[in-house]
Amino acid sequence: MKTLVMTDRAYNKRQFFLPVFLLITVVFFSAKATAQMRQIHIEPSEDNDINKMSFYSASSGYVGFSDWVGFTTDTGRTYIQKPITLINVDYNGYSVNLTFGFVINGLQSFNQDTVIVFGHYGLVPSILYSINGGNNFKLVYHSQYNNFQLRTGITDMIFPQQNSIGYAIDADSVLKTTDKGANWTVSLIDEGSYFDYLEAADNNNVFAI
């Protein structure tokens with residue numbers, strides 16, 4: 001396993017691959033701290049996995065299911081489905097393989113309006129950007145360093161301090177944004193590294209794993 005340390009910016013993010021249910025931890029502060037886990041949501045479809053969650057408040061946020069983006073205002077108990085379809089995406093001039101549609105690997109939200117979804121179109125790393133709560137999207141990144149590399153697109157994304165600077169990775173490169181995900185540039189290419197996860201200590205120290 002290769003770990004790269006970038007001195008550029010940071011954030012703490014971990015991509016969660018939960019099955020078809022959510023667990024929430026409730027910590028009670030007393031003389032002795034204890035924790036309890038309780039199930040709050042069961043997805044009817046066994047194949048509709050949860051890939052990542054991003055909450056912008058204690059009760060509201062987005063969840064990246066395999067089949068659609070879910071918006072919740074009740075801490076993840078129920079969801080409004082926000083599907084990514086052929087007609088609600090502005091492809092922004094990119095030539096896109098739409099055979100299998102957009103595959104969701106995860107997402108990042110800042111508020112109810114702004115949500116970024118990452119994954120791939122036809123195994124080409126891709127990032128979608130929405131400013132109307134996931135009703136419509138714009139394809140803001142669609143590129144592959146090695147056309148013969150068949151890994152699963154953008155695998156992780158972090159915004160260390162929940163501000164305008166963020167990072168994303170695919171198998172061969174580290175991407176950076178300075179405008180809250182509206183535009184992305186390549187910060188590092190390391191072919192064949194097969195990056196899976198990002199971690200960060202602060203805005204200037206990022207670990208690509």
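The values are calculated or read from the model by the stated rules, or taken from the named source; none is laboratory data. Since the structure is predicted, the reported quantities are computational estimates derived from the model, not experimental observations. All Cβ positions, even for glycine, are placed from backbone atoms using ideal geometry, and neighbour counts span all protein chains on display. The accessibility values were calculated without ligands, DNA or RNA, using every heavy atom of the protein model including side chains. Shrake-Rupley method; radii C 1.70, N 1.55, O 1.52, S 1.80 Å.
Summing Cβ point charges (Lys, Arg +1; Asp, Glu -1) relative to the Cα centre of region 120-185 gives a dipole of roughly 120 debye.
Taking amide hydrogens as placed 1.01 Å from N in the peptide plane, the amide H of Tyr141 sits under 5 Å from those of Ile127, each at least 5 positions away in sequence or on another chain. First check a/c for region 76-117, with a ≥ b ≥ c the square roots of the eigenvalues of its C-alpha gyration tensor; if it is under 1.5, answer rounded, and if not, answer prolate when a/b is larger than b/c or oblate otherwise. Judged from the Cα gyration tensor, region 76-117 comes out prolate (a/c at least 1.5, a/b above b/c).
Surface exposure of region 96-209, expressed per residue as accessible area with a 1.4 Å probe, stands at 39 Å².
Coupling constants for region 186-194 follow from the phi torsions by the Karplus curve (6.51 cos²θ - 1.76 cosθ + 1.60, θ = phi - 60°), and in residue order they are 7, 8, 8, 10, 9, 4, x, 7, 6 Hz; glycine and proline get x.
Taking amide H as placed 1.01 Å from N in the peptide plane, Asn183 has its amide H under 5 Å from the amide H of Thr178, each at least 5 places away in sequence or on another chain. Partners of Lys52 within straight-line reach, counting aspartates and glutamates whose Cα lies under 19 Å from its Cα and excluding those fewer than 8 residues away in the same chain: Glu43, Asp67, Asp74, Asp113, Asp156, Asp170, Asp196, Glu199. Stretching the chain fully between Phe55 and Ser143 yields a gain of 28.9 nm (0.36 nm per residue, less the alpha carbon separation).
Take every Cα pair under 8 Å whose residues are at least 6 apart in sequence, average their separation, divide by the length of region 145-193, and the relative contact order is 29 percent.
Taking amide H as placed 1.01 Å from N in the peptide plane, the amide H of Thr114 sits under 5 Å from that of Gly133, each at least 5 places away or on another chain. The orientation-averaged shadow of the Cα convex hull for region 57-209, equal to a quarter of the hull surface, comes to 8.7 nm². Per-atom-type breakdown for region 82-209 gives carbon and sulfur 49% of the accessible area (1.4 Å probe, protein chains only).
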